[in-house]
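Engineer: Here it is, the structure in full.
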Amino acid sequence: MIVMLAACGGSKKKSSDELPITRPATMVFTESDTTEINQMVNTFVEYINSGKISDASAMLYTVQYDRIEEMTLEDRQKFEGFFTTIPYKSCEVKSFHLGGAKDNKVQLALLMTPDADLETGRGIIKLVLNPVNVEGKWYLTLRDEDAEGIEHENI
């Protein structure tokens, strides 16, 4: 399991409902797709913000060879352990980029300090999700740049 974390600069505080969603031509996203993804991400963020890290990790899956699988218990424990060892204050959606069935980026900002600033990136760690569509159903995965279906372009 790879958890992508990095310091990040940012934009003003926005909910995922207010963020522009990029929809490239590699896949046609329906309103139903974007609504489902948005609801999953908002639920995930709500779980993180209310300390329900186990519930958040239960939402995460892995994809291998077009098969979707729940995240392993070991990987869930690592993910949950990360949140118990860092003193984050809250989690916010930073950006949405929808690129295809398997190549999407939803950047979350973990605010680490009371004076964390999305504008400057001070006091922030980034967590990146990759919503994927397998057989017509959307699932949340952690962004893995080496995963099947990931395009390597700057977005």
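Engineer: Go through segment 53-69 residue by residue and tally those that are surrounded by 14 or more Cβ atoms within 10 Å (Cβ to Cβ) and without any contact (Cβ under 8 Å) to a residue 12 or more places away in the chain.
Structural biologist: 1
Engineer: I want to confirm something. Restricting to segment 85-97 and keeping residues that are surrounded by fewer than 20 Cβ atoms within 10 Å (Cβ to Cβ) and assigned to a strand (DSSP E or B), which single residue is modelled with the highest pLDDT?
Structural biologist: 90
Engineer: Taking segment 98-124 only, how many residues are buried (at least 20 other Cβ atoms within 10 Å of the Cβ) and β-branched (Val, Ile, Thr)?
Structural biologist: Within segment 98-124, residues that are buried (at least 20 other Cβ atoms within 10 Å of the Cβ) and β-branched (Val, Ile, Thr) number 2.
Engineer: Could you check segment 66-84 and list, in sequence order, the residues that are closer than 30 Å to residue 29 by Cα and at pLDDT below 90?
Structural biologist: Matches in segment 66-84: 66, 67.
Engineer: So, one more: Which of the residues that make up segment 55-73 are among the hydroxyl-bearing types (Ser, Thr, Tyr) and either part of a strand (DSSP E or B) or under 16 Å from residue 88 (Cβ atoms) (or both)? Show your work before the answer.
Structural biologist: Quick first cut of segment 55-73, residues among the hydroxyl-bearing types (Ser, Thr, Tyr) only: 57, 61-62, 65, 72.
If the condition is that a residue be among the hydroxyl-bearing types (Ser, Thr, Tyr) and either part of a strand (DSSP E or B) or under 16 Å from residue 88 (Cβ atoms) (or both), then 57, 61, 62 are the ones that fit.
Engineer: Would you mind telling me which numbered condition in (1) at pLDDT below 95; (2) assigned to a strand (DSSP E or B) residue 151 fails?
Structural biologist: Result: residue 151 passes all but (2).
Engineer: Considering every residue within segment 70-84, establish whether at least one is β-branched (Val, Ile, Thr) and crowded, with 20+ Cβ neighbours inside 10 Å. Before the answer, list the steps.
Structural biologist: From segment 70-84, those β-branched (Val, Ile, Thr) are 72, 84; that's our starting set.
Next, from what is left, pick out any that are crowded, with 20+ Cβ neighbours inside 10 Å: none.
No, that holds for no residue.
Engineer: Still on this structure, please answer the following. Would you be able to tell me the number of residues in segment 71-102 that are of a type in the set (Asp, Glu) and in contact with a strand residue (DSSP E or B) (Cβ under 6 Å, 6 or more places away or on another chain)?
Structural biologist: 1
The values are calculated or read from the model by the stated rules, or taken from the named source; none is laboratory data. Quantities reported herein were computed from a predicted structural model and do not represent experimental measurements. FYI the Cβ positions are ideal-geometry reconstructions off the backbone, even for glycines, and counts take in every protein chain you see.
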